[in-house]
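Participant: This is the structure, below, for whatever I ask next.
Throughout, read-outs are computed from the coordinates displayed, never taken from laboratory work. Owing to the predicted nature of the structure, the values given are computational and were not obtained by experimental measurement. All Cβ positions, even for glycine, are placed from backbone atoms using ideal geometry, and neighbour counts span all protein chains on display.
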Amino acid sequence: MLDPQIIFAGVLNGLLAGGIYVLVAVGLTLIYGVLHIINFAHGSLLMLAMYAVFFLWRLIGIDPYVALPVVIAGAFVFGFVLYRLVIGRFSHGRDENILLITLGLSIVIDNVALLFFGGDTQTIDVPYAGSFVELGAAFLPLPKLISFGASLLICAILGLYMAKSDTGKAIRAVAKERQGARLVGIDVDNIFAISYGIGIACLGAAACLLMPSYYVTPTSGHAFVLVAFTIVVLGGMGSFIGAAVGGFIIGITEALGGLFLGEQLGQIGISLIFILILLLKPTGLFGSKA
Amino acid sequence: MSRQALLCALGLAAAVIYPLVAPNYLINIGMMVFFVAFIGQSWNIAGGFAGQTSFGHVVFFGTGAYTSTILQVTYGWNPWLAWPAAMLAGGIVGWVIAFLSFRAGLRGSYFALITLAFAEVFRILANSVPFTRGGLGMLIKADQRPINFQFKEPIWIYYIALALCVISLLIAWQLTRNRFGARLVAIRENEDAARALGIDVFAEKVKVLTLSGAMCAAGGTFYAQKYLYIDPSIAFGVDKSVEMLLVSMVGGAGTIFGPLIGSVALTAINEITRWLASVVPALKNVQPLSLVVYGIMLVLIVARLPDGLMGLFRRKPRHA
């Protein structure tokens, strides 16, 4: 039996990882909730944003946290344009087709990254990377702690934006009833592009928060794509609260899985949760309908 | 029809004569074309004909590869006997995944994602349990005799790949003619309408995934015997799933020759980029370019050309 203090530390680390997952999953669930498309390119776009953060640091020496507003803005524009030029044109039809198109996009993005950046693992070496905060028996890496706080703050700001701003209200209107939204004069196509842009902007933020304690390779996207889908399915497709709760559950599951089952077998927990939720309760914890 | 039959006969004759005149290097390429066309066809039967898009078909491939390899290496079976056992295992896995997923009513994207997750579970298990030797992978002892399903001359493994491909084409051809195939197409086009017409949608979908799983597992064994080595990321990696899906979609999902055409196109693009890399030194790391091209083709084909490259061939005579 493991020492409860080790388990406590594991849970804390899982919570910290979950904070970032929440940000990634919120972007995915927003895109699903508004556009009703499953964005399989989500992981690849996160990888791309992580490279952007890496090169900002490597070439110009910008600290990942300082780069946050730039990368968020850049990711939003990238997502907006990507939707306008590619996804929007093809996104009406059978949902498997849209899934296949985003799969095609992720293949293109992954291999373009491999072509230009090479297959090497890249890391950012920031001075505070080795700093720890002691909390009881747990030593928490400072970058992860900062990421956790920043991630939750960004989610809160996004939630507030969705609740209060005109654009946020329009997005929610389109998500609920797109025909009705069109009738009251909302430019639905524009809202689609904005929503996709916001979803990708969340990835930009996640990339900045991940890079100080993580690494990037052209295949980094794969590691996140199933995790993000699991969180979204667990929380309920399209549900913000679900994405938040799901993110923490998955973060803790991953940490405890690694603790009890070892590095290799520990990863199985996420896939199993994904399968079980889809088989037993496809609406997830907070979803309204399948 | 007779003109088509003539074309098929000519194509088959050319494929049989090809290795007698081609150098070993080109024989290997031909073998890969037919092998990928075969596993692509296994995807096509479920994903193309029946419309059950899978993102994790490699789960059957890996099940086949590991079943025959474990039976052979650990239990001393002859690989020819292990081959049908591997197909049986692939069929069972297909049946179980289909039974669970379709009983839960999963469709479209949800089905695609759950197959991806099943493949991931199998990959992690193969990485962790002792009887697959984990991440080390499994080596099959080299003993190049036909009785061991190993050949000195590449021509024999080429002919086996060709035979597999021809069998898969015959299965696909049958699906365009028999009632089972017609029911699958009805399910693909409109599942609710198919059910209203009295088709047992659940049973038909489970049946087709079982068939597809068994076929794909046969490909897994073939692969293991050709390379005499498998590991979890080869046998259960995402890349193979994507490859099967790509060749079918690009060639033409739900068509008989789609996977074969797609496989020829994929190989051609691969060889062209490899040639470019060898001729122009600045492009020496250009290999990923072939997948970039393929990804773009996938997007364009899904959006504009639902019958894939086959659609190009077919449309001309009809409107001429």
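Participant: Give me the net charge of B:R103's neighbourhood, meaning all other residues with Cβ under 15 Å from the Cβ of B:R103; Lys, Arg count +1, Asp, Glu -1.
Facilitator: Numbers: positive: A:K281, B:R107, B:R195, B:K205, B:K207; negative: B:E191, B:D200, B:E204.
Net of charged neighbours comes to +2.
Participant: With an 8 Å cut-off on Cα pairs and a minimum separation of 6 or more residues, tell me the relative contact order of chain B in percent.
Facilitator: It rounds to 30 percent for chain B.
Participant: Pairs of alpha-carbon atoms within less than 8 angstrom and 6+ residues apart define the contacts here; what relative contact order does region A:53-199 have, in percent?
Facilitator: Relative contact order, region A:53-199: 29 percent.
Participant: Counting other C-beta atoms within 10 Å, which of B:C216, A:C208, B:C8 has the fewest, and how do the rest follow?
Facilitator: B:C8, A:C208, B:C216
Participant: What range in chain B is the longest one free of trypsin sites (Lys or Arg not before Pro) that are in a loop by DSSP and have at most 12 other Cβ atoms within 10 angstrom?
Facilitator: The longest uninterrupted stretch comes out as B:1-140.
Participant: To two decimal places, what compactness ratio does region B:25-238 give when its Cα radius of gyration is scaled by 2.2 N^0.38 Å?
Facilitator: That works out to 1.03 for region B:25-238.
Participant: Can you grab the distance from the C-alpha centre of region A:66-117 to the C-alpha centre of region B:36-57, Å, no decimals?
Facilitator: With region A:66-117 and region B:36-57 each reduced to a Cα centre, they are spaced 25 Å.
Participant: Nearest 20 debye, what's the magnitude of the dipole of region B:25-238 about its Cα centre given +1 on Lys and Arg Cβ and -1 on Asp and Glu Cβ?
Facilitator: That gives region B:25-238 a dipole magnitude of about 180 debye.
Participant: Provide B:F35, A:F132, A:F274, A:F248 in ascending order of the number of other Cβ atoms located within 10 Å of each residue's Cβ, fewest first. Before the final figure, lay out each step's value.
Facilitator: Details: B:F35 22, A:F132 12, A:F274 26, A:F248 19.
Ranking B:F35, A:F132, A:F274, A:F248 by Cβ neighbours within 10 Å, fewest first, gives A:F132, A:F248, B:F35, A:F274.
Participant: Now for a different question. Work out from phi, with θ = phi - 60° and the Karplus expression 6.51 cos²θ - 1.76 cosθ + 1.60, the ³J(HN,Hα) of each residue of region A:121-130, listed in order in whole Hz, and give x for Gly and Pro.
Facilitator: Once rounded to whole Hz, the list reads 7, 10, 10, 9, 10, 9, x, 8, 4, x.
Participant: Anyone know which of B:I155, B:I272, B:I29 comes out most mobile in the 10 Å Cα GNM of chain B?
Facilitator: Sorting by GNM fluctuation, first place goes to B:I272.
Participant: Determine, for chain A, the count of lysine pairs separated by eight or more sequence positions (or lying on different chains) whose alpha-carbon distance falls under 22 Å.
Facilitator: Counting lysine pairs in chain A gives 5.
Participant: Would you be so kind as to identify all helices of chain A, as entire DSSP H runs, whose Cα atoms reach 27 Å or more along the helix's own axis and whose mean Kyte-Doolittle hydropathy is at least 1.0? It would help to have the intermediate numbers written out before the result.
Facilitator: Details: long enough: A:4-35 (44 Å, 1.86); A:95-117 (32 Å, 1.62); A:142-164 (33 Å, 1.56); A:188-210 (33 Å, 1.74); A:240-266 (31 Å, 1.36).
Span-like helices in chain A: A:4-35, A:95-117, A:142-164, A:188-210, A:240-266.
Participant: Something else now. Go ahead and estimate [θ] at 222 nm for chain A from helices alone: -39,500 (n - 2.57) per DSSP H run with n ≥ 4, summed, over the residue count, rounded to 500. Please list the in-between numbers first.
Facilitator: Numbers: 11 runs with 207 residues, N = 290.
So the helix-based figure for chain A works out to -24500 deg cm²/dmol.
Participant: Within 10 Å of each Cβ in B:111-120, how many Cβ atoms from other chains are there, averaged over the peptide?
Facilitator: Taking all residues of B:111-120 together, the mean is 6.
Participant: Please state the relative contact order of chain A as a whole percent: Cα pairs under 8 Å, 6+ residues apart?
Facilitator: Working: 479 pairs, mean separation 106.6, N = 290.
37 percent.
Participant: Which helices of chain B meet both criteria: a Cα extent of 27 Å or more along the helical axis and a mean Kyte-Doolittle score no lower than -1.0, with helices taken as whole DSSP H segments?
Facilitator: Correct list, ordered by number: B:2-21, B:24-44, B:79-103, B:108-128, B:154-175, B:201-227, B:258-279.
Participant: Cβ under 14 Å from A:V53's Cβ, A:V53 left aside: what net charge do those residues give with Lys, Arg +1 and Asp, Glu -1?
Facilitator: -1
Participant: A further question follows. Could you work out, residue by residue across B:97-107, how many beta carbons of other chains sit within 10 Å of that residue's beta carbon, and then give the average as an integer?
Facilitator: 2
Participant: Shifting gears a bit: With a 10 Å Cβ neighbour count serving as the proxy for reagent exposure, in which order, fewest first, do B:E189, B:E271, B:E243 appear?
Facilitator: Listed from fewest to most nearby Cβ atoms, that is B:E189, B:E271, B:E243.
Participant: Lys and Arg at +1, Asp and Glu at -1: add these up for the other residues within a Cβ distance under 11 Å of B:G237 and post the number.
Facilitator: -2
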